[in-house]
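Student: Mind looking over this structure? Questions follow.
The values are calculated or read from the model by the stated rules, or taken from the named source; none is laboratory data. The shown structure was predicted, so the numbers you read here are calculated from the model rather than taken from an experiment. As a convention, Cβ positions derive from the backbone with ideal geometry for all residues, glycine included, and neighbour counts pool all protein chains shown. Areas reflect the complete protein model, heavy atoms only, side chains present, ligands, DNA and RNA absent. Shrake-Rupley method; radii C 1.70, N 1.55, O 1.52, S 1.80 Å.
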Amino acid sequence: PYNSEPGGEERFNFFVGIFADLVEAGYILAFQDVRGKYMSEGEFVDVRPQNPNRQSREDIDESTDTYDTVEWLVANVPHNNGRVGIFGVSYPGFYATVSLPGAHPALKAVSPQAPVTNWFIGDDFHHNGAFFLMDAFSFYSSFGRPRPEPTRQGNAQFQWPNRDAYDFFLRLGPIKNVEAKFFGDSIKFWSEVMDHPDYDDWWKARDPLPYLTDVTPAVMVVGGWFDAEDLYGPLATYEAIETQNRGASNRILMGPWSHGQWAGGDAENLGNVHWGSNTADRYRAAELEFFNYYLKDEGELNLAEAQMFDTGALEWREFDAWPPANVEPAALYLQPGGGLAFEPPIESNSYDEYVSDPDRPVPYTEDVHLRRTTEYMTDDQRFAARRPDVMVYTSDILTEPITLAGPIAADLRVSTTGTDADYVVKLIDVFPDSLRDYESNDKRVPMAGYQMLVRGEVLRGRYRDSFEHPEPFTPGEVTRVHFEIPAVMHTFKPGHRIMIQVQNSWFPLVDRNPQTFVENIFLAPEEAFVPATQRLYRSSDHRTRIRVGLLP
């Protein structure tokens with residue numbers, strides 16, 4: 001959907017340069033504008049739903065469009081050998097995924113990379129029902145503009161009135177002001193999102209995972225552990241193919257990357273955190289081996305089922321399955337006095353109390369900037385730890401390595417004086433205070449005592465029991481809040497400490513929760529935004545824990 005001829009019909013697509021290894025290997029690369037974008041005719045539909053009940057050629061979806069494209073290419077492109085592979089990053093990763101249902105017989109290998117998968121549960125614009133304001137606004141302010149007729153011209157970028165995103169979105173007020181102040185009714189998808197605040201059939205139809213059955217092409221899913229846009233997508237896509245297709249050729253490759261960084265050639269670091277090598281080399285070698293084997297019958301296929309970079313030990317690990325079969329379930333328990341341990345607390349009726357104020361939301365980064373950064377996924381969290389509305393729990397200094405592998409789950413016990421709330425949980429690697437000689441960074445951030453964000457996730461509290469049926473909190477009542485957090489592969493080294501931070505806002509990454517329950521949170525009026533006193537329990541009778549998997 002991003003223009004297959006960005007420089008005109010005589011210019012190569014941008015991706016030709018990115019995937020130069022495939023060009024040098026003699027592959028024929030084809031790029032196509034999706035239906036309704038740029039020079040392609042028809043109507044564009046965002047993450048177009050699958051159409052399993054097709055009766056005629058007029059009943060189309062992205063799978064049928066892909067089938068027709070493959071059919072045409074094999075019949076018309078000179079020198080092709082009758083085998084086709086498909087890859088795509090991000091939104092094109094979604095189109096790679098939906099090439100799998102009812103795949104053309106000539107389609108032999110597919111690599112969905114950071115694939116857009118579910119825009120309500122975990123990708124791009126919602127995480128567990130919480131609206132990712134910065135990404136949605138920045139993307140749709142230009143991408144969402146209507147295209148009346150085929151064109152090679154893109155839409156103009158939004159003209160920001162200032163350079164401070166925190167200030168801009170706070171001054172904006174309730175999210176319902178976006179359409180009134182900036183979009184009007186011109187951006188259809190934004191209006192549709194505002195009309196579907198809950199996980200209803202409109203959202204469910206846009207999830208391709210249930211349709212990933214009877215998969216015949218070989219699949220290699222690629223993703224980044226620090227992908228701010230689509231971390232959920234690759235993990236969920238691999239899992240869906242694995243569980244719904246017995247015997248399918250299905251692999252996953254996860255590196256220490258931001259969104260699409262593996263394809264950019266330089267992946268030695270992300271922000272202040274360094275990996276010790278250009279980790280993108282692993283991706284390029286795997287991609288070429290994968291396609292050469294299935295499309296050219298060249299070489300042997302020695303790729304492990306799961307190639308996962310350990311973002312703490314700074315090394316690649318290979319597994320026969322993901323999550324690894326020998327992972328042992330465990331839990332990190334919040335302790336009185338800001339402690340964190342693998343044993344439950346013994347004190348009763350113990351909690352931390354603080355005030356969450358939507359007029360002073362916790363920022364997601366200490367940097368002043370306009371667009372959402374990629375580096376926030378490994379940012380130093382010391383700025384947040386110093387706020388009174390961020391609860392901090394830290395383990396003792398580790399004497400031996402602890403490796404976490406696989407999915408995580410937050411299992412909180414909370415209460416609030418309000419009737420709605422967001423809950424943000426962050427898993428953090430605290431570097432030793434004695435650390436010396438770490439690779440320098442552009443911002444000259446001291447790395448001794450650095451609080452590296454390993455994983456952060458949010459739940460909109462109204463969806464604690466159901467994404468389909470939101471419920472208010474009963475003020476003052478101890479309530480269980482449980483939600484899934486995307487997987488990690490991270491070793492906490494000796495001398496480091498494990499930290500958990502819990503907070504109720506992550507602004508303007510996530511829009512502000514008014515903390516007053518309203519039927520459609522996108523229509524919340526100004527007066528609904530009120531401070532609330534939050535309690536986070538860490539006692540023997542109300543245990544808050546973070547469920548993890550330990551790799552021996």
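Student: Failed condition for E300, given (1) assigned to a loop (DSSP other than H, G, I, E, B); (2) modelled with pLDDT of 95 or more, with all others met?
Tutor: Failed condition: (2).
Student: If the requirement is being among the polar types (S, T, N, Q) and open to solvent by 50 Å² or more (accessible area, probe 1.4 Å), which of these qualifies: Q50, Q32?
Tutor: From the options Q50, Q32, the qualifying one is Q32.
Student: So, of the residues in segment 1-29 that are within 19 Å of Q153 (Cβ to Cβ) and hydroxyl-bearing (S, T, Y), which turns out to be surrounded by the most Cβ atoms within 10 Å (Cβ to Cβ)?
Tutor: Across segment 1-29, the extreme among qualifying residues is S4.
Student: Suppose we filter V390, V414, V430, V424 for residues that are hydrophobic (A, V, I, L, M, F, W, C), open to solvent by less than 20 Å² (accessible area, probe 1.4 Å) and touching a Phe, Trp or Tyr at 6+ places or on another chain (Cβ under 6 Å); which single one remains?
Tutor: V424
Student: When segment 67-84 is examined, which residues are found to be open to solvent by 30 Å² or more (accessible area, probe 1.4 Å) and either in contact with a Leu (Cβ under 9 Å, 6 or more places away or on another chain) or touching a residue at least 40 places away in the same chain (Cβ under 8 Å) (or both)?
Tutor: Y67, L73, V77, H79, N80, N81, R83
Student: Just one of the numbered conditions (1) within 19 Å of S111 (Cβ to Cβ); (2) in a loop (DSSP other than H, G, I, E, B); (3) open to solvent by 40 Å² or more (accessible area, probe 1.4 Å) is not true of V215; which one?
Tutor: V215 satisfies every listed condition except (3).
Student: For segment 116-163, what are the residues that are modelled with pLDDT of 95 or more and among the charged types (D, E, K, R)?
Tutor: D123, D124, D135
Student: Scan segment 164-196 residue by residue and report those that are in contact with a Ser or Thr (Cβ under 8 Å, 6 or more places away or on another chain) and part of a loop (DSSP other than H, G, I, E, B).
Tutor: Within segment 164-196, D185, I187 meet the criteria.
Student: Follow-up question, since we're still on this one. Just to verify a result, which residue in segment 435-453, among those that are acidic (D, E) and surrounded by fewer than 11 Cβ atoms within 10 Å (Cβ to Cβ), is modelled with the lowest pLDDT?
Tutor: As a first pass, look at segment 435-453 and keep what is acidic (D, E): 437, 439, 442.
Those still in the list that are surrounded by fewer than 11 Cβ atoms within 10 Å (Cβ to Cβ) too: 437, 442.
On the way: D437: 91, D442: 85.
Once the filter is applied, the top-ranked residue is D442.
Student: Ok, one more. Please determine whether any residue of segment 458-472 is over 27 Å from F169 (Cα atoms), in contact with a Phe, Trp or Tyr (Cβ under 6 Å, 6 or more places away or on another chain), part of a strand (DSSP E or B) and open to solvent by less than 10 Å² (accessible area, probe 1.4 Å).
Tutor: no
Student: Yes or no: segment 30-43 includes at least one residue that is outside any helix (DSSP H, G or I), modelled with pLDDT under 95 and under 19 Å from Y294 (Cα atoms).
Tutor: Looking for residues that are outside any helix (DSSP H, G or I), modelled with pLDDT under 95 and under 19 Å from Y294 (Cα atoms), one finds at least one in segment 30-43, hence yes.
Student: Continuing with this model, one more query. Find the residue count for segment 241-253, including only residues that are open to solvent by less than 10 Å² (accessible area, probe 1.4 Å) and either touching a helix residue (DSSP H, G or I) at 6+ places or on another chain (Cβ under 7 Å) or under 16 Å from H274 (Cα atoms) (or both). Step through it out loud before you land on a result.
Tutor: Pass one, segment 241-253, residues open to solvent by less than 10 Å² (accessible area, probe 1.4 Å): 241, 250, 252-253.
Okay, now just the ones that are also either touching a helix residue (DSSP H, G or I) at 6+ places or on another chain (Cβ under 7 Å) or under 16 Å from H274 (Cα atoms) (or both), so 250, 252-253.
Within segment 241-253, residues that are open to solvent by less than 10 Å² (accessible area, probe 1.4 Å) and either touching a helix residue (DSSP H, G or I) at 6+ places or on another chain (Cβ under 7 Å) or under 16 Å from H274 (Cα atoms) (or both) number 3.
Student: Restricting attention to segment 218-237, which residues are assigned to a helix (DSSP H, G or I), farther than 19 Å from G264 by Cβ and open to solvent by less than 20 Å² (accessible area, probe 1.4 Å)?
Tutor: A236, T237
Student: Filter segment 274-295 down to residues that are touching a strand residue (DSSP E or B) at 6+ places or on another chain (Cβ under 8 Å) and over 26 Å from A106 (Cβ atoms) and give me whichever is most open to solvent (accessible area, probe 1.4 Å).
Tutor: By that ranking, first place goes to R282.
Student: So if I check each of A341, A384, which one is touching a Phe, Trp or Tyr at 6+ places or on another chain (Cβ under 7 Å), farther than 24 Å from G224 by Cα and open to solvent by less than 40 Å² (accessible area, probe 1.4 Å)?
Tutor: A341
Student: Okay, next question. Scan segment 27-56 and report the pairs whose first residue is free of Cβ contacts under 8 Å to residues at least 40 places away in the same chain and whose second residue is in a loop (DSSP other than H, G, I, E, B) and among the aromatic types (F, W, Y), with Cβ atoms within less than 8 Å and a gap of 6+ or a chain change.
Tutor: Listed by first residue and then by second, the contacts come to L29/F19; R35/F44.
Student: Taking the conditions exactly as written (aliphatic (A, V, I, L, M), touching a residue at least 60 places away in the same chain (Cβ under 8 Å) and within 23 Å of R460 (Cβ to Cβ)), does A130 satisfy them or not?
Tutor: Yes.
Student: Now, a different point. Quick check, is V488 of a type in the set (V, I, T) and open to solvent by 20 Å² or more (accessible area, probe 1.4 Å)?
Tutor: no
Student: For G265, are the conditions met, namely being in a loop (DSSP other than H, G, I, E, B), small (G, A, S) and either in contact with a strand residue (DSSP E or B) (Cβ under 7 Å, 6 or more places away or on another chain) or open to solvent by 40 Å² or more (accessible area, probe 1.4 Å) (or both)?
Tutor: no
Student: If you don't mind, another one. If the requirement is being in contact with a Gly (Cβ under 8 Å, 6 or more places away or on another chain) and under 28 Å from L370 (Cβ atoms), which of these qualifies: N504, N441?
Tutor: N441
Student: Being open to solvent by 20 Å² or more (accessible area, probe 1.4 Å) and part of a helix (DSSP H, G or I) is the filter here; which residues of segment 197-208 pass it?
Tutor: D201, W202, K204
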